[in-house]
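All of the numbers you see were taken from the coordinates with simple rules; none came from a lab. Everything quoted here is computed from the prediction, not taken from an experiment. A quick note on method: Cβ atoms are made from the backbone with ideal geometry, for glycine too, and the neighbour counts reach across all protein chains shown.
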Ligand SMILES: Nc1ncnc2c1ncn2[C@@H]1O[C@H](COP(=O)(O)OP(=O)(O)O)[C@@H](O)[C@H]1O
Ligand SMILES: [Mg+2]
């Protein structure tokens, strides 16, 4: 037996399992099922597999409600990533992943390994990753610690994504003090494949071999999964051992070799799975469970970077850049040779069995022997939910912005970190490697062409968590709607969703209610849009010292554009083009950027959202782009009409002259379901004909430096150069300020 | 003026991909006797302080705060009194 | 077995932007006495060699060939005899 | 005429370069850096990426790949050698081009379209561009800060070996150098990525004339 490990009795008496996240009831259940005391290793593997991060035991009852089937879905939730049919025997694969806790502890490596992990999810399905996106939340940019986290996270995403050669093409970043002690780092990856290359993570076929591929196992991130499933206390420094270091160079070798193996040896590869949370343990046991089989592993064969590693450490290590392959018995050598010729470890570490047992051997001893099904099915927990008290107290009245000095208000608004251009940050990401990026960061959705076809994929991540704070269900609906508006602005049709559900502790009934409501809201709009939720990630316990973050369900959406030459961009194209507002502007100020800016907080009943209006507006934009009527299209979100107009102007380096038949404050209203478009004089008649009263003409695109905005109450003059400079540079100024 | 020479290395359990790549390259280049390579960082900092105690605590404090990542790295340092215009190498 | 500790620094004429960034950051963090910061690389290499002369020439040769770029970098090193299983730190 | 695009472990713009060359009708192939023979190729492209993770120094480890002796031989035989980004870094480390690419003046990776002027329009890489033309080509690097000592610089400048210059220097390169060639003009390196600017759908075609220049010159003659 390995030294220094507690005996089964000591495990029971010291209750070390509590430290690992197992409850007394769960421990008792294990004893009952095994009809004996679990030993140290067994207790460890149950704690890993039954952590929320791996088992979703707390969120599953809610996640089950997700709608995830339609005519395109080839693979829904349950595998490494979801897959959608995009015609021509091709498929798009995507998923999101969170690395919130690691990124707080260790911003660079936390974010870097987040990118590495989500990419493995994609290529383990047999797909070539083609793009990465990110969704980030930080505290306010007014203190050194937050800046340190921002710098580290951005550098980490860049460090991994750039090196492995997958472009980071889009994302979103916002700042709010609720994230100061609990930043959010969600990454999404998108891959492309031929449908016949599809792989699943299953361990089928008695006697087939389990092959370990990639980096050696070290002591990094031991039991990171249970670490991700616990709340932070800011005084607790001991959690810091759970840091993993990434090696994008090695992952590139693993990725290329894995895809080559799938191309060349699909007849002998039975299953592939990456090692993510709970490492070798969860990948191997889940593969066995999905196939209804058992597994025998010989841990002495596991390639090890460090000496003296125990079975517990080997199983729960979250060392990066590792994969598990199941290969037909007798055919292993071809796979081993392929990986070894790329200078990678590839070792047979075990076999598939038919006895349904998860059995680990170490130094000629059986160190764990438990039923696979039991191990991989944590006892469900139905948690109580209750409407958060704050919701009942919000007033119905919409916030009334102070319009004392409109011009000043616009300039101050443009400098808000949530509004200002994020280019000072995303310029660190290689957004163009692979040479397929048709729309780079800085527009609405990103657009990636599919070589040798006319098609392109649009992609975006979105959520305005302030809206969810005011109304979880409505806010979640708006998040899906906004993501879709971003996709539609490029001319692409939304086809599917991945999500990253970032919430506080589910043990708090109010948080659990928020989660439930958010999922319902996402579902409602997803069905209307025919965009099934095919994958996602849950990150709970995003609390520091009892303070939960805003409910932040990141929506990652992918769209399909059948003819890339019809792609439409944010930027105004030509002076003389007509500018239109599509959609109606209402009193939508509670939860808005201007409310936050002028009052320092978010308050009141969230303004309304009508999904029929939304769908109609989107359909109109799609029709107009399909007929090539638009020279630019940009959806409106945070900051409202004035911000949307200015963004199109900045992107095209052109000014505009407009008259808005509304009072000043409506320049800042965040009414959803709206777009700003520009239309050339030749297309004007056709456009107005099909638009009817859906679009309101505002004015024209101009070339000089002067921007003129006339409302029913003011004449506002802005300088393109000056305003653009504020918009472009504000984040850099804040980052560099003392 | 004091000169601190600070040597930062990874903790033993932390993956050092650079060291591995360099070792493999040296092997390819026929340096056959190489057993292990690790790469760290080396800082030279010139600072003013009233005495060696002040300099010591300044160096330790700034190294902990900025130069190293306490999760993954460890360090040692030498401190010496130098002339104002001595060239740092 | 020998342990070589190799310190690589930029030649004085070369700008060291990383050193400058660190210096600026330290100033922001109120380390007021900092005069100059430069960042270099630090390598620890364990190697087998028949004697100290062989080890010396091996270390110098591999450093010149791979570890430094002679356009911009220079180095010094210490060499010592160590136990087979001594932990490199 | 045949072109090789060298794939080092960690190269990630190898296929971008391959597709660009094929788009201009070149018979191009990916060749692994583990090979050591390039005799059948008339032109050799070292693509961008992070060869060997860019560990130690960019290009430092790649330079010792087996293929590099064949690259050196090809260079000495007057064949066309083109290094883009990491390829440029490898060529300087290998001594086939002078100088070195250091950490950007403001450290950090930058990805941007940058304006370039044609410093020497009479080269195999620029003859299809207009003399006074300003072109926009993407950069994507953290170590693009070209450095050479005074003496070397003087030599490069006197022989008109600077091929492209930055209009707004993004990385601190001496003399705003973005691309240089060797004395014979057959070995060339640049940090910006012309292979990312050859296709209307990506919104930038300013790299096309780079390939046209090469095609009308050495490639066509082979
Ligand atoms: N973290 C990031 N990484 C890459 N691109 C980003 C990031 N944050 C913002 N962007 C890009 O900036 C542009 C504007 O983002 P955002 O304001 O979130 O757009 P919208 O409000 O239309 O959703 C988008 O193109 C987006 O992809
Ligand atoms: Mg948008």
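A few points about this structure:
- Using a 7 Å Cα-to-Cβ projection, residue B:52 label spacings across copies, nm, ascending: 2.7
- Volume per residue for the stretch A:357-430 equals 266 cubic angstrom (convex hull of Cα atoms).
- For the C-to-B rotation axis, chain C residue with nearest beta carbon and its distance in angstrom: C:42, 2
- Principal-axis analysis of the Cα atoms of chain A puts helix A:509-529 at an angle of about 70° to the longest axis.
- Distance from the stretch A:1-48 to the stretch D:67-143 (C-alpha centre basis), Å: 60
- For chain A, adding -39500 (n - 2.57) for each run of n ≥ 4 DSSP H residues and dividing by the number of residues yields -10500 deg cm²/dmol at 222 nm.
- Nearest-ten-degree value, helix B:52-62 long axis tilted from longest Cα axis of chain B: 50
- Peptide B:20-32 has a mean shielding of 6, counted as Cβ atoms of other protein chains within 10 Å of each residue's Cβ.
- The peptide list A:295-302, A:271-278, A:708-715, put in order of mean Cβ contacts within 10 Å with the highest first, becomes A:271-278, A:295-302, A:708-715.
- Relative to the longest principal axis of the Cα atoms of chain A, the long axis of helix A:248-265 makes an angle of roughly 80 degrees.
- Translational diffusion of the stretch A:506-555, µm² s⁻¹ [Kirkwood Rh, Cα pairs; Stokes-Einstein; 20 °C; 1.002 mPa s]: 176
- Each of the peptides A:345-351, A:470-476 was scored by the mean count of other Cβ atoms within 10 Å over its residues; in descending order, highest first, they stand as A:470-476, A:345-351.
- Most simply put, the stretch D:1-86 has about 5% antiparallel DSSP beta bridges, counting only bridges with both residues inside it.
- FRET efficiency, residue A:712 to residue A:364 (Cβ-Cβ, R0 51 Å, nearest 0.05): 0.05
- The Cα center of the stretch B:1-68 and the Cα center of the stretch A:292-320 differ in position by 31 Å.
- Rg/Rh (Cα only; Kirkwood hydrodynamic radius) as it applies to the stretch A:102-156: 1.09
- Order of B:72, B:56, D:126 under a 10 Å beta carbon neighbour criterion, fewest first: B:56, B:72, D:126
- Shape of the protein assembly as shown, Cα gyration tensor, a/c cut at 1.5: rounded
- In this simple spin-label model, placing a label point 7 Å from the Cα along the Cα-to-Cβ direction at both residue C:24 and residue C:60 gives a separation of 4.0 nm.
- Only Cα pairs under 8 Å and 6+ residues apart enter the sum, and on that basis the relative contact order of chain A stands at 15 percent.
- Percent of beta bridges antiparallel (DSSP, the protein assembly as shown, rounded to nearest 5): 80
- Cα gyration tensor, the stretch D:2-220 - rounded (a/c under 1.5), prolate or oblate: rounded
- Whole-Å distance, taken between Cα centres, linking the stretch A:158-227 and the stretch A:546-572: 20
- Across peptide A:243-255, the mean count of Cβ atoms from other chains lying within 10 Å of each residue's own Cβ comes to 5.
- Pairwise label distance in nanometres, residue B:70 with residue A:408, each label 7 Å out on the Cα-Cβ vector: 4.4
- The mean number of partner chain beta-carbon atoms within 10 angstrom of a residue's beta-carbon across peptide D:200-211 is 3.
- By the Cα gyration tensor, the stretch A:639-681 has an equivalent ellipsoid whose semi-axes, rounded to whole angstrom, run 18, 12, 11 from largest to smallest.
- Extension gain, residue A:13 back to residue A:31 (0.36 nm per residue minus Cα-Cα distance, nm): 5.1 nm
- Computed extension gain for residue A:395 through residue A:206, at 0.36 nm per residue and net of the alpha carbon distance, reaches 61.7 nm.
- Residue among B:31, B:77, B:42 with the largest mean-square fluctuation in a Gaussian network model of chain B, springs linking Cα atoms under 10 Å: B:31
- Helical content of chain D, expressed as a calculated mean residue ellipticity at 222 nm, amounts to -5500 deg cm²/dmol (DSSP H runs of 4 or more residues, -39,500 (n - 2.57) each, divided by residue number, nearest 500).
- Adding -39500 (n - 2.57) for every DSSP H run of four residues or longer, then dividing by how many residues chain B holds, sets the calculated 222 nm ellipticity at -8000 deg cm²/dmol.
- Protection proxy ranking, highest mean first, for peptides A:498-509, A:694-705, A:33-44: A:498-509, A:33-44, A:694-705, where packing is the per-residue count of other beta-carbon atoms within 10 Å, averaged.
- Shape of the stretch A:401-526, Cα gyration tensor, a/c cut at 1.5: oblate
- Taking every alpha-carbon pair under 8 Å whose residues sit at least 6 apart, chain C reaches a relative contact order of 51 percent.
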